[in-house]
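A.B. asks: I have a structure here, written as structure tokens, and I will follow up with some questions on it.
The values are calculated or read from the model by the stated rules, or taken from the named source; none is laboratory data. Model, not experiment: these values are computed from the prediction. Methodologically, a virtual Cβ is constructed for each residue, glycine included, from the backbone with ideal geometry; neighbour enumeration extends over all protein chains shown. Just the protein is used for accessible areas: all its heavy atoms, side chains included, with ligands, DNA and RNA removed. Shrake-Rupley method; radii C 1.70, N 1.55, O 1.52, S 1.80 Å.
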Amino acid sequence: MRAVGFDVNGGPEVLRPVEIPVPEPGPGQVLIQVAYAGVNHGEVLHRLGDYGPPDGIAVPGLEVSGEIAALGAGVTGLAVGDPVAAYLPDGGGYAEYAVAPADFAFPLDGISLRDGGGAALVLTTAYGVLAGAARLTAGDTVLIHAAAGGVGSAAAQIARALGAAAVYGTVRTAEKAEYAKRFGYDAVLLRETFAEELSAARTEIDVLLDPIGGATRQAGLSLLAPFGRLVAYGEAARQPDLTLPVLPFSRHNRSLTGYSVHDLALRAPAVLRGHALAALSLLASGAIRLDITAELSLAAAFQAHQALQAGTNRGKVLLALT
Ligand SMILES: NC(=O)c1ccc[n+]([C@@H]2O[C@H](COP(=O)([O-])OP(=O)(O)OC[C@H]3O[C@@H](n4cnc5c(N)ncnc54)[C@H](OP(=O)(O)O)[C@@H]3O)[C@@H](O)[C@H]2O)c1
């Protein structure tokens, strides 16, 4: 089958078309004929080597949509031909066929294959960060960094659906701020000045979504309301992790929490599945939507990676396999 992979870590140019065997679904797994593969920042980090060097050819791709082509032993509740969105904890989505745990293959009731291709990782993460890690409650004020990206644009809408009273975002450029307004933010601020602007307006944050790290994380902590929660779920700035003193947390009633979809997949798959189903039902009902801004061929995956690595992407980027 056709796939795109890499056998050495490096820039987007290490991604190349490869021919590899169709994978076999093991017990508890399903084989999916991929229609769309979402492109995610995590796959950029995979390629760069943050998850270690490849052992042979590594095929990235953490989320896909498509029809089930075969069932592994012991799989119930799914049938060959069913359209699904799937989260692939071990990657493999940039390919004509991919294997997913049956627990993370979600029926696409009322959702198109196109939307489903950018949903299983992105929406599950946005929902899990807000409802799980941050314990969002109705009336909370939320601040979302990388507000125009895949997870950020979904999180803004999910936060509102879960009852947030105010939702602010930050981005790096004025163009992205303008673009992100479509997701219902009360205001989208520039990353360079967000802390000064929000503190000058005396806006305190109950839930702060931080996939950036570094100086941005440090600046965000000072904005937390009493019992406010900052969720660390990424390090897009690729700066060394911060050593944060604990005393300011107790002095100012702050909380720092974390989120990892991969850890949930290993240690709490039922929780992850619950978050995915809740988020997908919001998509099916029209309460939230995906803004798919680019649909590229499989062979053009490196272009999608160029955009995500440079941070010039907006909304959701897909690879179309059909
Ligand atoms: N922990 C988990 O389980 C989990 C799961 C999924 C995603 N994530 C994380 O969530 C974040 C968003 O993921 P996504 O796939 O939806 O990507 P995305 O938001 O569509 O793209 C990444 C964004 O990060 C921002 N960014 C900030 N500093 C950057 C830098 N130095 N280089 C490149 N980008 C930079 C850019 O937005 P600005 O221009 O606004 O800065 C960029 O658009 C990523 O950090 C990802 O690793 C974590």
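A.B. asks: In nanometres, what is the gap between the two model label sites at Arg202 and Arg182, each 7 Å from Cα along Cα-to-Cβ?
C.D. replies: Going from the Arg202 label point to the Arg182 one covers 3.7 nm.
A.B. asks: Right, something else. Can you give the relative contact order of region 123-262 as a percent, counting alpha carbon pairs under 8 Å and 6+ residues apart?
C.D. replies: It comes to 22 percent, rounded to a whole number.
A.B. asks: So for region 241-318, what percent of the C-alpha to C-alpha distances run longer than 17 Å?
C.D. replies: Taking all Cα-Cα pairs of region 241-318, the fraction more than 17 Å apart is 71 percent.
A.B. asks: Where the only charges are on Cβ atoms (+1 Lys, Arg; -1 Asp, Glu), what is the dipole of the chain about its Cα centre, to the nearest 20 debye?
C.D. replies: Charge dipole, the chain, about its Cα centre: 760 debye, nearest 20.
A.B. asks: Ok, one more. With a 1.4 Å probe and all protein chains left in place, how much of the accessible area of the chain comes from carbon and sulfur atoms, in whole percent?
C.D. replies: 53 percent
A.B. asks: Calculate for the chain the 222 nm mean residue ellipticity that helices alone would give, adding -39,500 (n - 2.57) per DSSP H run of length 4 or more and normalising by residue count, nearest 500 deg cm²/dmol.
C.D. replies: -7500 deg cm²/dmol
A.B. asks: Would you kindly derive the ³J(HN,Hα) couplings of region 138-144 from the backbone phi angles with the Karplus curve 6.51 cos²θ - 1.76 cosθ + 1.60 (θ = phi - 60°), listing them in order in whole Hz, with x for Gly and Pro?
C.D. replies: 4, x, 5, 9, 10, 10, 10
A.B. asks: Measuring from the lowest to the highest alpha carbon on each principal axis, how far does region 28-108 reach, largest first, in angstroms?
C.D. replies: Over region 28-108, Cα extents along the principal axes are 37, 22, 18 Å.
A.B. asks: Under a 1.4 angstrom probe, counting protein chains only, how are Tyr51, Tyr94 ranked by accessible area, largest first?
C.D. replies: Ranked list, largest accessible area first: Tyr51, Tyr94.
A.B. asks: How much accessible area per residue does region 7-145 have, counting only protein heavy atoms and a probe of 1.4 Å, in square angstrom?
C.D. replies: Ligands and nucleic acids excluded, the result is 37 Å² per residue.
A.B. asks: What are the principal axis extents of the Cα atoms in the chain, in Å, biggest first?
C.D. replies: In descending order, the Cα extents are 57, 39, 36 Å.
A.B. asks: Taking H as built 1.01 Å from N, whose amide H comes closer than 5 Å to the amide H of Asp291, not counting residues under 5 places away?
C.D. replies: Lys316
A.B. asks: Along the charge dipole of the chain, Cβ charges K/R +1 and D/E -1, which of Ala299, Val142, Tyr94 sits furthest on the positive end?
C.D. replies: Projecting each Cα onto the dipole axis, the largest value belongs to Val142.
A.B. asks: With a 1.4 Å probe and every protein chain left in place, work out the accessible area per residue of region 169-322 in Å², rounded to a whole number.
C.D. replies: It amounts to 50 Å² per residue over region 169-322.
A.B. asks: Where the Cα atoms of region 83-143 are projected onto their three principal axes, how long is each span, largest first, in whole Å?
C.D. replies: Ordered largest first, region 83-143 gives principal extents of 43, 26, 20 Å.
A.B. asks: For Ile111, tell me the accessible area in Å² from a 1.4 Å probe, rounded to the nearest 10.
C.D. replies: Accessible area of Ile111: about 20 Å².
A.B. asks: Sticking with this structure for a sec: Could you put Thr124, Thr243, Thr312 in order of accessible surface area, largest first, with the 1.4 Å probe and the full protein assembly present?
C.D. replies: Thr243, Thr312, Thr124
A.B. asks: Between Thr137 and Asp55, with labels modelled 7 Å along Cα→Cβ, what's the label distance in nm to one decimal, could you check?
C.D. replies: According to this spin-label approximation, the distance is 4.6 nm.
A.B. asks: Calculate the spin-label point distance for Asn253 paired with Val8, positioning each point 7 Å from the Cα along the beta-carbon direction, and give it in nanometres.
C.D. replies: So the label points at Val8 and Asn253 sit 5.6 nm apart.
A.B. asks: Next up: Please report the antiparallel percentage of DSSP beta bridges with both residues in the chain, rounded to the nearest 5.
C.D. replies: For the chain, the DSSP antiparallel bridge percentage is about 55.
A.B. asks: May I pose another question? Per residue and in Å³, how big is the convex hull formed by the alpha-carbon atoms of region 123-262?
C.D. replies: For region 123-262, the hull spanned by Cα atoms encloses 102 Å³ per residue.
A.B. asks: Please report, in debye to the nearest 20, how large the charge dipole of region 123-262 is about its Cα centre when each Lys and Arg carries +1 at its beta carbon and each Asp and Glu carries -1 there.
C.D. replies: 160 debye
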